[in-house]
Each structure stands twice: as structure tokens, then as C-alpha cells.
């Protein structure tokens, strides 16, 4: 079973999605389950996990409702105000839905590069274990030193690094990203998604040869037991069709056994997000 561990939905408005700049004009439209299901069917993907694109409780509730009506959606990574003293009560209400499998905050957008170390934020993270929720880490490469300290504060919490921690692919730089990612991978409670790499390159001029060292570094660091396939659809469409990205990932897995490939393409998402057996 192939599970896309990272995709987004939205009803586009310029005000709510102001991060979609003119360079990303191809995704300035609605992207809804019926659009994704068509892409999945063409690519041979069986299920998906929907990840927040706006930092609002309304969007989290909307994604959970979409999952209730679409059997191809096996989980949601939503947003909650982790710094709010009442976050546990909010989680309790949202976790009534079995589709809620994780939480994410857009740390990469915070002006403080050590936001992830805030005491109130970490109190919110500590509340996730009660609900068996993963936490998705959305950062740039420069945030890796703080992220190492962060994950060490929560050794029992499942963490999933989005987009291989956004290395500087466009500049062709592997270091210090590679060394820091390997250090992060030494923590057995941290997983990593093979997603979002094309948009860290030049979306209009990337090559597979350019992306390959970054994919192989992540695979070598985390191993086949803690790497997940993710499309980052529809953001990936800025530089790469849905099925093409899956083909690139499959090619990067050529030296792994069939069992290991199956884990990366689906099984690891089950474990990282504690997905229900029905998925």
C-alpha cells in the first residue's frame, strides 16, 4: 500500500494564502479531495495524509471533516495553538475525530530562529502524547541546531521532519545540512519525509542529478525504517507533476529491498502517525 504522507487542501483566496507568491501562480486555485484522488489514481497511490496549510483551528476542523467523507484520506496533521495554556482542552475536542494523527506549526515562518525552544511551545508539545499524536517539524536548514535541542526534550514524542529539513538545494550546498541531519537521525523517535525537495531547488531548472545527493543523504541518515514518502501536492506542481515525484523517489530507492521500499512508500507512515488498521 502506497501512502502519501504529505499533501494539502485549500480553497484559495489571496488574503488567506498570501504566502502563494506570483512565482507560485500555478497553485493559485482550489485544491480539494476530488483533485487529489484523480492524481493518486493515476500514480498508483492508495491513501494520503493531509497536512495543515493555514494556522487556524477552522482549517483543522475542515480537514477533519474532509477526511470523514473521503476514504482515501487516512489522517490529518492539523494546527492547534501549542502556546495556549488551554491547548490540552482543544486537543481533547479535536481528538474525538480518529483522523487527527498529528499537529504542525509553521516554525520556519517565525522571526525567532529558536521559537521551537519556547517554554510555552514545549508545554504544548508535551500534551500531544496523551492523544498519541505525532508532531511535524517544518523548518529550514538553519533551524537544525535548535531542533536537536528540541527533540531531546521530548524523547517519547514521535517527530516527523518535513521536506528533509529544507536544505539549500538551489545553491548546491550539502553542508552543514547533511552533518546536522545525520545527527538528528541518531534520535530513534524522529522520522523524515522525502518531500518538498523540488521547491528547494529552482522549480524550473532542477535536475534529478541535482536532487539525488539530498535524497540519498536523508535515506542513509534515517534508514529505510524511518523515511516516509510525501508528495507535498499541490505545492510540488510548481516544479514537478505528482506522478513524476513518486517516480523520482522510487528511483532513489532502487538499492533497497522490496520490503524496505514498501516501508518507505507506506509502512513507515503507518507507524509514525499510528494510523488505524482500516487505512
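If you go through region 110-127 one residue at a time, do you hit one that is modelled with pLDDT of 95 or more, crowded, with 16+ Cβ neighbours inside 10 Å and under 22 Å from residue 229 (Cβ atoms)? The answer is no; no qualifying residue exists.
Look at residue 148 and say whether it is out of contact with any strand residue (DSSP E or B) (no Cβ under 7 Å at 6 or more places or on another chain), outside any loop (DSSP other than H, G, I, E, B) and surrounded by 21 or more Cβ atoms within 10 Å (Cβ to Cβ). For residue 148, the condition - out of contact with any strand residue (DSSP E or B) (no Cβ under 7 Å at 6 or more places or on another chain), outside any loop (DSSP other than H, G, I, E, B) and surrounded by 21 or more Cβ atoms within 10 Å (Cβ to Cβ) - is not met. Looking at (1) touching a strand residue (DSSP E or B) at 6+ places or on another chain (Cβ under 6 Å); (2) assigned to a helix (DSSP H, G or I), which is the one condition that is false for residue 93? Unmet condition: (1).
Taken across region 204-212, residues that are more than 16 Å from residue 125 (Cβ to Cβ), within 16 Å of the chain's Cα centre (by Cα), at pLDDT 95 or above and surrounded by 14 or more Cβ atoms within 10 Å (Cβ to Cβ) do not occur at all.
Scanning region 68-108 for residues that are surrounded by fewer than 21 Cβ atoms within 10 Å (Cβ to Cβ) and touching a residue at least 60 places away in the same chain (Cβ under 8 Å) yields a single hit, 98. What tally of residues in region 151-172 results from selecting those that are without any contact (Cβ under 8 Å) to a residue 40 or more places away in the chain, assigned to a loop (DSSP other than H, G, I, E, B) and over 24 Å from residue 199 (Cβ atoms)? Total meeting the criteria: 5.
Identification of helices (runs of 4 or more DSSP H) wholly contained in region 224-279 with 2 or more residues that are in contact with a helix residue (DSSP H, G or I) (Cβ under 6 Å, 6 or more places away or on another chain) and closer than 22 Å to residue 39 by Cα yields 242-252.
Restricting 20, 3 to those that are closer than 17 Å to residue 196 by Cα, in contact with a helix residue (DSSP H, G or I) (Cβ under 8 Å, 6 or more places away or on another chain) and without any contact (Cβ under 8 Å) to a residue 12 or more places away in the chain reduces the list to 20. Here residue 215 meets each of (1) in contact with a strand residue (DSSP E or B) (Cβ under 7 Å, 6 or more places away or on another chain); (2) in a helix (DSSP H, G or I); (3) buried (at least 22 other Cβ atoms within 10 Å of the Cβ) with one exception, condition (3).
Residues in region 192-199 include at least one that is touching a strand residue (DSSP E or B) at 6+ places or on another chain (Cβ under 9 Å), within 19 Å of residue 138 (Cα to Cα) and outside any strand (DSSP E or B).
Answer with yes or no whether residue 165 is under 17 Å from the mean Cα position of the chain (by Cα) and on the phi > 0 side of the Ramachandran plot. It would help to see each step written out before you state the result.
Working: under 17 Å from the mean Cα position of the chain (by Cα): yes; on the phi > 0 side of the Ramachandran plot: yes.
Yes; evaluated as a whole, the condition is true for this residue.
Residue 163 falls short on exactly one of the conditions (1) touching a helix residue (DSSP H, G or I) at 6+ places or on another chain (Cβ under 6 Å); (2) surrounded by 21 or more Cβ atoms within 10 Å (Cβ to Cβ); (3) closer than 15 Å to residue 248 by Cα, and that condition is (1).
Evaluation of residue 187 against the conditions (1) buried (at least 18 other Cβ atoms within 10 Å of the Cβ); (2) touching a strand residue (DSSP E or B) at 6+ places or on another chain (Cβ under 9 Å) shows that the sole unmet condition is (1). What about residue 138, is it surrounded by 19 or more Cβ atoms within 10 Å (Cβ to Cβ) and within 22 Å of residue 279 (Cα to Cα)? For residue 138, the condition - surrounded by 19 or more Cβ atoms within 10 Å (Cβ to Cβ) and within 22 Å of residue 279 (Cα to Cα) - is not met.
The values are calculated or read from the model by the stated rules, or taken from the named source; none is laboratory data. Small disclaimer: the values here were computed from a predicted structure and weren't measured. FYI the Cβ positions are ideal-geometry reconstructions off the backbone, even for glycines, and counts take in every protein chain you see.
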